[in-house]
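See below for the structure under consideration.
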Amino acid sequence: MEIFKNLINGQWVPAQSGETFEDRNPARNSEVVGVFAKSGKPDIEAAISAARAAYPTWRLVPAPRRAEILFRAGEEMIRRKEELAQSMTREMGKVIKEARGDVQEAIDMVFFIAGEGRRSHGFTAPSELPNKAAWCERQPMGVVGAITPWNFPSAIPIWKLAPALVLGNTVIFKPASDTPLTAHRLVEILNAAGLPKGVLNLVHGPGSVCGNALVESDDVDLISFTGSSEVGRHINAGCAPSFKRVSLEMGGKNGIIVMDDADIDLAVEGSIWGAFGTSGQRCTASSRIIVHKAVVEEFSAKLAARAKALKLGDGLDEKTDVGPVINKAAQQKILEYIEIGKAEGAKLLAGGAAETSGPCADGWFVQPTVFGDVKTSMRIAQEEIFGPVTAVIPVGSLEEAIEAANSTRYGLSASIYTRDVNKAFHAARDVYTGIFYFNSATIGAEIQMPFGGTRETGNGHREGGTQVLDVFSEWKTVYVDFSGALQKAQIDN
Ligand code: UN1
């Protein structure tokens, strides 16, 4: 079987130790999707040296030229969309329609950000002194370490790589060990589109070794990480001593509010999609549904019936609604949370177990699970489960619903189903999240808008939109005194 290598300084090379690891299909555990270089600190160090060496030249390539490479890569991604989607489903399980969506999200981001090659606007401002000019412009940061998760194996890496590259940074990309194949394909495409050697380096391997080596290196200027809050906290602390910039996108415990005047069937559809899309493995997943007491019985009955009717199986089968979870450890953690929910006194309305029959016999499946009668204090209403489990929390009023929505340490996404515009606007204003939806679920953000969350979801940065440019560049303000005399700001007035 082919061994997929690292890309360091324009060369595909094995790990220096010669070690490898397997990438397996979570829907069919016996199927090995690929064997990959299991890298260590020396491999990361080689990649950092290559990125450092490539930086002085790359930063001076005109941004529109850098962008042309991204446009070419985007076109190749369109051509290879189906192949990318199929291999993504094989390595991480999401249903094929969603895998195509994930690739599409990456394509959209590449083209959107490539457009910044001819924009990346700064601005001018009048000087307070005569014969003096002032403007500001973006400058690259230097060497970027991009550490990415497995749940959006093409979209999230491209959210980071495209802006980093168009702005003139060089990159070491450390993808999740559960999805190295999609990472390989993306890098293959970007590299073939014409990136000079060393500008983009790919290193596979365990986060505890490779991620840490990036965080600890004095030659890395910025870490951009998407993943769990637990790992993010560790990375944040690791970057603190050197004041390294760190952009973190982490957990969520996103709530849909369903008011008594809502279109209940629409809210049920949205909740099914938000809670069980990607098997609940999105940081934006609708893991809490905060429902007005007047409609909670009707809503819960309909939600449970829909959840029970979802078809589990291999995501490559177009008829599958819900694929597997990423691996055995994830399955076990999710099942433990289901036990915790039962022990806390929540009422199991649907699911509640692993699925091991029929097409699920050889994979890591969990039945779509709905808990009712959940209180905001319960662990299943507080902690990110990252699986197909959602918690229905009954409330008596809009105020209570907003309080419940705000009652976790996360703040990524929230939504409200109501036909009352006043209630909708109150909730949009008072729920403290980075993303808010009316009459739809908490998932499905679009790339041209800022993406990120408050509190322990992030550390204030936004990916997506033109706001992502702020992550990967540093402002430089330039003053030009053309008076020919010494002029003192704030004093010569
Ligand atoms: C994530 O789960 O980490 O908004 C990202 C969404 C997707 C991105 C999710 N566009 O659900």
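The values are calculated or read from the model by the stated rules, or taken from the named source; none is laboratory data. Since the structure is predicted, the reported quantities are computational estimates derived from the model, not experimental observations. Backbone-built Cβ (ideal geometry, glycine too); neighbour counts: all protein chains shown. The accessibility values were calculated without ligands, DNA or RNA, using every heavy atom of the protein model including side chains. Shrake-Rupley method; radii C 1.70, N 1.55, O 1.52, S 1.80 Å.
What to note about this one:
- Of the GluC sites (Glu not before Pro) found in region 428-486, the ones in coil according to DSSP and having at most 12 other Cβ atoms within 10 Å of their Cβ are E446.
- Rolling a 1.4 Å probe over the protein heavy atoms leaves F425 with an accessible area of roughly 130 Å².
- Taking the charge dipole of the chain about its Cα centre, with +1 at Lys and Arg Cβ atoms and -1 at Asp and Glu Cβ atoms, the residue from Q281, L312, G198 reaching farthest to the positive side is G198.
- Antiparallel DSSP beta bridges within region 255-438, percent to nearest 5: 15
- The chain: antiparallel DSSP beta bridges as a percent of all, rounded to 5: 45
- Only Lys, Arg (+1) and Asp, Glu (-1) charged, at Cβ; region 3-250 dipole about Cα centre in debye: 440
- In units of the compact-protein estimate 2.2 N^0.38 Å, region 3-250 shows a Cα radius of gyration of 1.03.
- Leading residue at positive end of dipole, region 3-250 (Cβ point charges), from P126, M250, M141: P126
- Accessible surface calculations at 1.4 Å, restricted to protein heavy atoms, place the chain at 40 Å² per residue.
- Furthest towards positive pole of dipole, I435, G372, S415, structure part region 366-475, Cβ charges: G372
- Share of carbon and sulfur in the accessible heavy-atom surface of region 3-250 [1.4 Å probe, %]: 53
- Across region 423-440, rounded Karplus estimates of 3J(HN,Hα) from the backbone phi angles (6.51 cos²θ - 1.76 cosθ + 1.60, θ = phi - 60°) give 5, 4, 5, 4, 5, 4, 6, 9, 7, 8, 10, x, 9, 9, 10, 9, 6, 7 Hz, Gly and Pro being marked x.
- For A343, the shell of other residues with beta-carbons less than 12 Å away shows a net charge of -1, using +1 for Lys and Arg and -1 for Asp and Glu.
- Rounded percent of accessible protein surface that carbon and sulfur make up, region 255-438, 1.4 Å probe: 53
- Compactness of region 206-293 as Cα Rg over 2.2 N^0.38 Å, two decimals: 1.54
- Loop-located chymotrypsin sites (Phe, Trp or Tyr not before Pro) in region 240-336 (DSSP state not H, G, I, E or B) with no more than 15 neighbouring Cβ atoms inside 10 Å: F243.
- Remark: the chain carries a charge dipole of roughly 680 debye about the Cα centre, counting +1 on each Lys and Arg Cβ and -1 on each Asp and Glu Cβ.
- Charged-residue dipole, Cβ positions (Lys, Arg, Asp, Glu), region 255-438 about Cα centre, Debye nearest 20: 260
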